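A.B. asks: So that we are looking at the same thing, I have put the structure below in structure tokens.
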Amino acid sequence: MPELAGALALLAAAAFAGAACYVSIAEHPARMALDDGWALRQWKPSYANGKIMQAALALIGALLAFWMWWEGRNLIWLIGGLALLANWPFTLAAIMPTNRRLEALSPDAPAPETRALLIRWGRLHAVRAALGGASALIMVCAFYCRL
């Protein structure tokens, strides 16, 4: 059973990292090719749908990694789980203020700050991709290292 928990933790971390990388590498650059109103129009539903999925993946993956560590597998599981769970406080502290400002804007009459906020959001979201990728790599190491 613990091996399954570890595999599921890694799967959640890899899915989180893959989704976050897709947003940073493909979706957000494509969005930024649009004018400000259409970019904001596209961002709003994308963000609304993605936040639930990514929050769940980070939480589930971290909890499973913590369980692997608790069961005495190794300390690397704890580190991987913490890296994945770090997306929660980072999102709340660093990204949420930008999200709230973007959500308050109207795509029909975009404010002068719309593009700057979307650019900032993209840079901040890249940190989430990095945390997810690091977590997945750490969890791969946890399968092979015994600390």
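No value in this document is a laboratory result; all are computed from the given coordinates. Every value quoted in this text rests on a predicted model; they were computed, and no experiment measured them. FYI the Cβ positions are ideal-geometry reconstructions off the backbone, even for glycines, and counts take in every protein chain you see.
A.B. asks: Pick from Thr114, Thr98: which is surrounded by 13 or more Cβ atoms within 10 Å (Cβ to Cβ), polar (S, T, N, Q) and in contact (Cβ under 8 Å) with a residue 40 or more places away in the chain?
C.D. replies: On inspection, the qualifying residue turns out to be Thr114.
A.B. asks: One residue is enough: does the range 41-51 have a residue meeting the conditions closer than 27 Å to Ala142 by Cα, of a type in the set (S, T, N, Q) and part of a helix (DSSP H, G or I)?
C.D. replies: no
A.B. asks: Only residues that are within 20 Å of Asn87 (Cα to Cα), in contact with a Leu (Cβ under 8 Å, 6 or more places away or on another chain) and surrounded by 19 or more Cβ atoms within 10 Å (Cβ to Cβ): list them for the range 29-56, please.
C.D. replies: If the condition is that a residue be within 20 Å of Asn87 (Cα to Cα), in contact with a Leu (Cβ under 8 Å, 6 or more places away or on another chain) and surrounded by 19 or more Cβ atoms within 10 Å (Cβ to Cβ), then Trp43 is the only one that fits.
A.B. asks: Determine which single condition Cys145 fails, assuming it passes every other condition in (1) in contact (Cβ under 8 Å) with a residue 60 or more places away in the chain; (2) within 24 Å of Ala14 (Cβ to Cβ); (3) crowded, with 17+ Cβ neighbours inside 10 Å.
C.D. replies: The failed condition is (3).
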